[in-house]
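Here's the structure, in structure tokens; my notes come after.
Each value in this text was obtained by applying a stated rule to the coordinates, not by laboratory testing. The structure presented is a predicted model; accordingly, all values stated were derived computationally and were not measured. Backbone-built Cβ (ideal geometry, glycine too); neighbour counts: all protein chains shown.
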Amino acid sequence: MTIHNALQTLLVGLLCVAWSLSSPAQTSLPATARKPPASEIPASPAKKKQTSGPFHGKLKALNLDAKSITMGTRTFYTSSATKITKHGKPAMLKDGVVGETVSGFFQTAEGGQMVLKSLRFGPKVAEEETPKKKSSAER
């Protein structure tokens, strides 16, 4: 049984060596290269909101008192500078119809409100073709 004791001692010795090599206390990484604990990792920044851009969709609600329109979950506010059109002609906010196609451009104000720069009720109207300049070959 001495061979059995020798194999058992050898196996225990190899396990100790393997354990000591994989032990985190034995790492030789500098302190700056070690991964910080989860409590020290800063939270990821909040998703940045869109500050301006085009929009289009169906008009869900129209609030004349608040001078706003709602599309889906977003509410857009008009200002005195908002250019409103319907069928290619100047219009007013009260000309909008719930369920109608709307589109335009907005910018987010300081308070987080989305303020309309332009608003179009109805589909885009093709502009009348303007006379094209004659090319030098046609002259």
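Among Thr9, Thr78, rank each residue by its count of other Cβ atoms within 10 Å, from fewest to most, as a rough exposure measure.
Fewest to most other Cβ atoms nearby, the residues stand as Thr9, Thr78.
Of the peptides 55-63, 114-122, how do they stack up when ordered by the mean number of other Cβ atoms within 10 Å, highest first?
114-122, 55-63
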